[in-house]
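Written below as structure tokens is the structure these notes are about.
Just so it is clear, none of the values below were taken in a lab; they were calculated from the coordinates. Predicted model, so just to flag it, every value in this text is computed and none were measured. Counting neighbours? That spans all protein chains shown, and the Cβs are built from the backbone with ideal geometry, glycine included.
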Amino acid sequence: MADAATFISVDRIERRILLIRGHRIIIDADLAELYGVPTKALNQAVKRNAERFPSDFAFRLNAGEKLEVVTSCDHLSGLRYSPVRPVAFTEHGAIMAANVLSSPRAVRASVLVVRAFVRLRQLLATHRELADKLAELERRIGSHDAAIRNLMSVIRELMDPRPGPPRERIGFRTRPKGPSTGLVCRNRGTW
């Protein structure tokens with residue numbers, strides 16, 4: 001029979017990863033569910049092996065962070081009335097928890113958890129590269145703005161030419177009707 005961990009998708013795990021204190025974390029209740037153990041058993045294993053979980057691997061949420069997590073994550077609404085503040089596990093803490101539990105399901109699920117964290121890291125790096133490129137483009141465009149404004153003003157001036165001094169017309173003139181009815185050439189007289 002297939003184990004439940006085989007049906008866990010990386011996308012589902014990604015939705016459980018939160019950003020708190022500048023770290024991407026997963027709450028103990030979610031991690032326990034993924035590893036197939038009760039939350040209490042996970043926390044007891046972590047407590048028994050506290051030296052394996054420094055503050056950059058796992059930390060307990062403060063009251064404000066707990067409230068923020070409970071209000072932003074519908075699936076964690078059951079934690080609202082719990083007197084215990086949840087433990088947040090970073091990527092390394094989640095791997096260490098799988099090692100401490102050492103159940104086959106926890107080991108298989110930890111691979112998926114790592115993949116989810118890596119995928120989020122790659123997405124973040126892609127967004128960071130895009131943000132850097134946009135900043136560079138804005139910087140370039142910013143220096144071009146003045147040049148573009150000058151070019152536009154010159155083009156507008158060319159489109160609305162100012163009238164110059166009147167010029168004398170070139171060509172033949174007809175004489176007013178009178179004694180002679182011929183054409184008049186300015187240089188040669190009447191024809």
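Under 16 Å of direct C-alpha separation, and excluding same-chain neighbours fewer than eight residues apart, Lys40 reaches these aspartates and glutamates: Asp28, Asp30. The overall shape of the range 4-131 is rounded: from the C-alpha gyration tensor, with semi-axes ordered a ≥ b ≥ c, the ratio a/c is less than 1.5. Put a dot 7 Å past the Cα of Arg15, heading toward its Cβ, do the same for Arg140, and the two dots end up 4.0 nm apart. For the range 90-105, backbone phi angles converted through the Karplus equation (6.51, -1.76, 1.60; θ = phi - 60°) give residue-by-residue couplings of 7, 4, 5, x, 5, 5, 5, 4, 5, 5, 5, 6, 6, 8, x, 5 Hz, Gly and Pro being listed as x. Inter-label distance, Phe172 to Cys73: 9.8 nm, where each label sits 7 Å from its Cα along the C-beta direction.
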